[in-house]
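Read-outs throughout are calculated quantities, based only on the coordinates presented, and are distinct from any laboratory measurement. Everything numeric here is computed off the predicted structure, so don't read it as measured data. Don't worry about glycine lacking a Cβ; one is built from the backbone with ideal geometry, like all the others, and counts go over all protein chains shown.
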Amino acid sequence: MPTSIRSATPGETRLGWIGLGVMGASMCRHLMDAGFAMTVHTRTSAKAAPHVEAGAAWADTPRGVAERSDVVFSIVGFPSDVRQVVLGDDGVLAGASSGSILVDMTTSEPSLAVEIAERALASDIHSIDAPVSGGDIGAREARLSIMIGGDEAAVHALETCWNTLGKTIVRQGGPGAGQHTKMVNQTLIATNMIGVCEALLYAQKAGLDLDAVLQSVSSGAAGSFSLTNLAPRILKRDFAPGFFVEHFIKDMGIALAEAERLDLKLPGLTLARDLYCELQEQGHGRDGTQALYLALARMSGLSV
């Protein structure tokens, strides 16, 4: 086991951040604003310009980030990206020092989180899987739910970072437990989004005032994050991504693969995955998950 873990402290602990997308950009900036020195890397270097202008250092590779950091955070797109960023020849583990901490916040495969943790441990490095929920709004407002798997002492050492990024921080267990919990989260969201979109279509077809309908149902038993935060976007025909359709399809695929391994049948999740795949085939893979409304409206011949 790594011999010592120092608590992350602004002004002392050097942080690294890999991935400055819809959520990562805000999350990284919160840590910078909290006083942490930051080194950044992202696939599209132009996305890092605001962070560099605000004082972050740029590194050409994930390895370069790790070489300058005590703790490295990553939030990228797919498990293949995680594997490259962390385990590749120019990846984080190639540049990380003994006693450092890697935190992957990508929604990824539990088995990959375990593999990374085992390989990190062999180099005296702690690895934590910490996927998040809350979308672009939660990231921007620093009120994410963070689901954590990893060594308890290493998780505790990053308490200041967790509290800077989110409001609900729960260690679920050892390596991979955070990813398993995120699969629970995504399974809950998947069928809920079907319900939100179908309900709005029903209200539209019945000739109701949609804003008035949301006022009635959002605070009742039907209330949910998706109903409160995404349904109003649907009414405005705002399908910009708080979370990409293509990433949600990836997540549902991981959850269904894990369910098969656990000998579980999840017909609701299967239906949601199939509907979102149809939405992607219609050209909406880079839209937000609320764009499911478009596919369901099309099935009913409704114009939007």
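Before moving on, here are some points about what is shown:
- Rh (Kirkwood; distinct C-alpha pairs) - the chain, Å: 20.0
- In order along the stretch 91-100, the Karplus-derived 3J(HN,Hα) couplings, from 6.51 cos²θ - 1.76 cosθ + 1.60 at θ = phi - 60°, round to x, 4, 5, 5, x, 6, 8, 4, x, 7 Hz, and Gly and Pro are given as x.
- Three-way shape label, the stretch 14-174, alpha-carbon gyration tensor, a/c 1.5: rounded
- Cα lying deepest toward the dipole's positive end in the chain, options Val65, Ile18, Ser224, charges on Cβ: Ser224
- Counting only alpha carbon atoms, the long axis of helix 24-33 and the longest principal axis of the chain meet at about 50°.
- Counting only Cβ charges, +1 for Lys and Arg and -1 for Asp and Glu, the dipole size of the chain around its Cα centre is about 580 debye.
- In degrees, nearest ten, helix 267-279 long axis to first principal axis of the chain (Cα): 90
- A simple charge model with +1 on the Cβ of Lys and Arg, -1 on the Cβ of Asp and Glu and nothing else charged puts the dipole of the stretch 1-116 at about 160 debye relative to its Cα centre.
- Between the listed residues Val170, Gly91, Pro79, the Cα displaced farthest toward the positive end of the dipole of the stretch 14-174, a dipole computed from Cβ unit charges relative to the Cα centre, is found at Val170.
- Taking a sphere under 11 Å around the Cβ of Pro267 and counting the other residues whose Cβ falls inside, with K and R at +1 and D and E at -1, yields a net charge of +1.
- For Asn163 and Ala257, the difference between the fully extended length at 0.36 nm per residue and the C-alpha to C-alpha distance is 30.6 nm.
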